[in-house]
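*Asks:* Right, I'll just put the structure down here and ask away after.
The values are calculated or read from the model by the stated rules, or taken from the named source; none is laboratory data. Keep in mind that this is a model prediction, so the values were computed, not measured. A quick note on method: Cβ atoms are made from the backbone with ideal geometry, for glycine too, and the neighbour counts reach across all protein chains shown. All accessible areas refer to the heavy atoms of the entire protein, side chains included, with ligands and DNA or RNA removed. Shrake-Rupley method; radii C 1.70, N 1.55, O 1.52, S 1.80 Å.
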Amino acid sequence: MSDTEKLLKDLIKIDSSTMEGANRAVAFCENWLTERGLPVRKLENNGFHMLVSEIGSGDKTVVLNGHVDVVKGKEEQFSPYIKERKMYGRGSADMKAGVAAMMEAAVQAQKHNLNSQIQLQIVSDEETGGLNGTKYLTEQGYLGDFVICGEPTELGIGVQSKGVLQLDIETKGKPAHGSRPWEGQNAIKKAYQLYEEILKLPFAAETEPPMYNNPSINLAKIEGGTVYNKVPEHCIMSIDIRYLPKQSVDDIIKQIKETADAKVDVHIINDPVKTKADDPYVEALAASVKERTQLERANIFGQHGSSDGQFFTKHNKPAVEFGPFGHNWHGDNELVYLDTVHAYQDILLDFVLQFSKVEERAVQNK
């Protein structure tokens with residue numbers, strides 16, 4: 001078992017599905033890095049721990065951002081095992097494999113004469129929104145010039161991601177006896193009819209080729225009614241919309257409010273990521289993928305979900321999602337392909353070692 005595999009296995013063993021557990025995982029990473037001679041700065045925000053480790057020198061900084069928190073899993077998922085070069089366990093793909101490879105790449109990078117800075121960030125709350133971790137770090141000035149979030153991407157480079165708009169919509173009806181529903185107005189039926197109308201609004205039909213065919217609209221929750229024999233007079237419907245990077249979230253809300261005979265409350269708005277595919281750092285990362293793998297070219301794509309990269313784009317810093325091959329994250333049989341974890345680590349090391357020369361090459365090629 002390689003050092004990276006052992007590190008990954010040790011990380012998976014930590015049940016980091018709670019704040020306390022995630023903080024233990026951060027402490028483990030702190031000790032591991034310190035033992036290998038890397039400087040570590042530990043921070044805390046609202047009880048959530050995070051760390052920053054900076055090495056190298058120069059005017060340019062690449063940020064390697066990873067999270068050690070996971071969604072809840074079964075007890076056996078925190079007993080990792082390897083089968084056919086795949087490691088199984090909660091967080092193996094999302095994203096402790098990415099974290100382990102980043103940590104090992106940082107250890108290897110410090111052995112070189114670095115002409116740029118590497119800033120390793122490890123946070124504990126990405127799965128619950130990232131507000132206390134990465135968002136806090138960006139507000140404290142930990143930004144860099146280019147950011148890699150180590151989410152599982154099959155060694156593809158996710159340059160964009162959809163924004164997040166979550167709404168709670170309250171519909172009201174008219175109560176009546178359950179045996180005579182025609183005498184009332186069913187608030188649950190009214191809510192569902194509104195949902196179907198939302199699916200037909202102009203924003204829902206927009207596209208953004210080549211990255212996206214359409215926004216994503218999910219009816220996430222619906223709560224209404226009290227007893228069997230009464231027409232429900234009240235219902236709250238929760239909708240999760242992942243809107244396209246080019247779309248205006250204010251326009252989407254306006255379209256829904258103009259359609260809805262209901263109260264519309266905004267629960268969450270998260271910005272999309274809009275990194276350009278021809279960004280010189282993206283092109284350099286793609287070149288490293290080609291150099292260190294058998295892939296003819298890196299897959300450049302747009303993510304449907306969001307990551308902590310969103311907090312860097314608020315500060316006009318290009319961010320991407322880039323990580324190894326994994327399957328079933330958040331599922332029962334979460335796994336990561338170990339050979340791709342090693343390839344990922346090699347790609348990261350190759351990329352950070354030539355990071356300071358990227359802009360210089362971009363200017364020469366113009």
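*Asks:* Please compute the per residue accessible area over the stretch 15-65 with all protein chains in place, 1.4 Å probe, rounded to a whole number of Å².
*Replies:* I get 45 Å² per residue for this part.
*Asks:* On to the next question. Once you sort the root eigenvalues of the Cα gyration tensor of the stretch 67-106 as a ≥ b ≥ c, which label holds: rounded (a/c under 1.5), prolate (a/b larger than b/c) or oblate (the other case)?
*Replies:* Since a/c reaches 1.5 but b/c is at least a/b, the shape of the stretch 67-106 is classed as oblate.
*Asks:* Alpha carbon centre of the stretch 182-225 versus the stretch 53-102: separation in Å?
*Replies:* 36 Å
*Asks:* Still on this structure, I have one more. Which order do peptides 311-319, 210-218 fall in by mean Cβ count within 10 Å, highest first?
*Replies:* Peptide ranking by packing, descending: 311-319, 210-218.
*Asks:* One quarter of the convex hull surface, Cα atoms only: what value does that give for the stretch 41-153 in nm²?
*Replies:* Taking the Cα atoms of the stretch 41-153, their convex hull projects to 8.3 nm² on average.
*Asks:* With the other protein chains left in place, how much accessible area per residue, in square angstrom, belongs to the stretch 79-222 at a 1.4 angstrom probe?
*Replies:* 41 Å²
*Asks:* When the gyration tensor of the stretch 208-268 is built from Cα positions, what are the square roots of 5 times its three eigenvalues, in whole Å, from largest to smallest?
*Replies:* Value: 30, 14, 9 Å, ordered largest first.
*Asks:* Let me check against my output: what whole-number percent is the relative contact order of the chain, with C-alpha pairs under 8 Å and at least 6 apart?
*Replies:* Relative contact order here is 23 percent.
*Asks:* Could you work out which residue, out of 21, 98, 163, moves most in a Gaussian network model of the chain, that is, has the largest mean-square fluctuation with Cα springs under 10 Å?
*Replies:* Its mean-square fluctuation being the largest, the pick is 21.
*Asks:* Could you work out the relative contact order of the stretch 112-258, using alpha carbon pairs under 8 angstrom and six or more residues apart, expressed as a whole percent?
*Replies:* This gives 25 percent for the stretch 112-258.
*Asks:* Under 10 Å, Cα contacts only: if you run a Gaussian network model on the chain, which one of 272, 245, 175 comes out with the highest mean-square fluctuation?
*Replies:* The residue with the greatest mean-square fluctuation here is 175.
*Asks:* Please report the Cα spread of the chain along all three principal axes, rounded to whole Å, starting with the longest.
*Replies:* 79, 52, 39
*Asks:* Among 256, 188, 348, whose Cα projects farthest towards the positive end of the dipole of the chain, with charges put on the beta-carbon of Lys, Arg (+1) and Asp, Glu (-1)?
*Replies:* Value computed over the given set: 188.
*Asks:* Go ahead and set up a Gaussian network model of the chain, Cα springs under 10 Å, then flag whichever of 176, 298, 100 fluctuates most.
*Replies:* Checking each option, the largest mean-square fluctuation is seen for 176.
*Asks:* Additional query: Taking the Cα centre of the stretch 123-254 as the origin, how large is its charge dipole in debye, to the nearest 20, when only Lys and Arg (+1) and Asp and Glu (-1) carry charge on their Cβ atoms?
*Replies:* That gives a dipole near 800 debye.
*Asks:* Run a plain Debye calculation on the stretch 228-304 (Cα atoms as equal point scatterers, no solvent) and give log10 I(q)/I(0) at q = 0.19 Å⁻¹, rounded to two decimals, same order as the q list.
*Replies:* Cα-only, vacuum Debye calculation for the stretch 228-304: -0.92.
*Asks:* Let me ask something else about it. Treating the beta-carbon of each Lys and Arg as +1 and of each Asp and Glu as -1, no other charges, what is the dipole magnitude of the stretch 236-347 about its Cα centre, to the nearest 20 debye?
*Replies:* Computed charge dipole of the stretch 236-347: roughly 320 debye.
*Asks:* Give me the one-decimal Kirkwood hydrodynamic radius in Å for the stretch 1-96, with the sum taken over alpha-carbon pairs.
*Replies:* 14.5 Å
*Asks:* A further question on this structure: Return the carbon/sulfur percentage of the accessible area of the chain, one whole number, probe 1.4 Å, all protein chains in place. Intermediate results must be reported in sequence, preceding the final value.
*Replies:* Values: 7710 of 17120 Å².
Taking all protein chains in place, the chain shows 45 percent carbon and sulfur surface.
*Asks:* What does the charge dipole of the chain about its Cα centre add up to, to the nearest 20 debye, if the Cβ of each Lys and Arg holds +1 and the Cβ of each Asp and Glu holds -1?
*Replies:* My answer is approximately 360 debye.
*Asks:* Something else: Would you calculate a helix-derived [θ] at 222 nm for the chain, using -39,500 (n - 2.57) for each DSSP H run of n ≥ 4 and dividing by the full residue count, to the nearest 500?
*Replies:* -9000 deg cm²/dmol
*Asks:* Same structure again: Per the Kirkwood definition applied to all pairs of different Cα atoms, how many angstroms is the hydrodynamic radius of the stretch 280-335?
*Replies:* When all Cα pairs of the stretch 280-335 are included, the Kirkwood radius is 13.5 Å.
*Asks:* Quick one: what does P(r) look like for the stretch 215-366 with 5 Å bins over all Cα pairs, in whole %?
*Replies:* 1, 7, 11, 14, 14, 13, 10, 9, 7, 5, 3, 2, 1, 1, 0, 0
*Asks:* Over 18 Å, how big is the tail of the calculated P(r) for the stretch 183-235, in percent of all Cα pairs?
*Replies:* Details: 659 of 1378 pairs.
Tail of P(r) above 18 Å: 48 percent of Cα pairs.
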